[in-house]
Amino acid sequence: MSELPEIRIGTAEREDAMRRLSDHFAAGRLSVAEFDERSAVIAAAVTRGDVTKVFTDLPEPVAAAAVPAKAKPDSGFLSEWPERVMAVIPILAVILFFVTGSWLWFLAIPLAGALLFGGNHGGHGHGHGRRHRDRRALD
């Protein structure tokens, strides 16, 4: 087992370590300076031992087991549909530009962004009904 820390790591292990370190930072176990210092060590890590040193004084993550329990069945594809549609709009605009020869299709990009994301930040979006309900609850 003494050979285990000397095993070289790859990008996936470094990203996992950064994710765990970010969880500790979010939980308030690390200051900004400590997080910066430790994340630099992880970015430069070559072996498992380099990464293990960063977590010696931190508890094992308990939130990792709780994350799947918090996930809701409807938080998958349906919650991300505006982002998925928005990713397709520029490609569609380029295709329609070449098919029709009209540059006006590129105006669909900001229009789609406004339609998909503009209504969610106040005014007529989902927040309006919530504020109305909250106001009624206060009366």
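The values are calculated or read from the model by the stated rules, or taken from the named source; none is laboratory data. Since the model is a prediction, treat every value here as computed from it, not as a measurement. Neighbour counts run over all protein chains shown; Cβ positions are idealised from the backbone, glycine included. Side chains included, ligands, DNA and RNA excluded: accessible areas come from the protein's heavy atoms. Shrake-Rupley method; radii C 1.70, N 1.55, O 1.52, S 1.80 Å.
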Checked pairs for the range 1-27, first under 10 Å from T47 (Cβ atoms) and open to solvent by 60 Å² or more (accessible area, probe 1.4 Å), second of a type in the set (K, R) and at pLDDT 85 or above, C-beta under 6 Å and 6 or more apart or across chains, list as I7/R48
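Please count how many residues of the range 20-39 are part of a helix (DSSP H, G or I) and either at pLDDT 90 or above or under 16 Å from T56 (Cα atoms) (or both).
We begin by selecting, within the range 20-39, every residue part of a helix (DSSP H, G or I); these are 20-26, 32-39.
Filter once more, keeping what is either at pLDDT 90 or above or under 16 Å from T56 (Cα atoms) (or both): 20-25, 34-35, 37-39.
Within the range 20-39, residues that are part of a helix (DSSP H, G or I) and either at pLDDT 90 or above or under 16 Å from T56 (Cα atoms) (or both) number 11.
When you scan the range 63-139 for helices (runs of 4 or more DSSP H) that lie fully inside it, which ones turn up with 2 or more residues that are at pLDDT 85 or above? Full working, then the answer.
Details: elements: 63-70, 81-100, 108-117, 126-138.
Counting at least 2 such residues, we get 81-100, 108-117.
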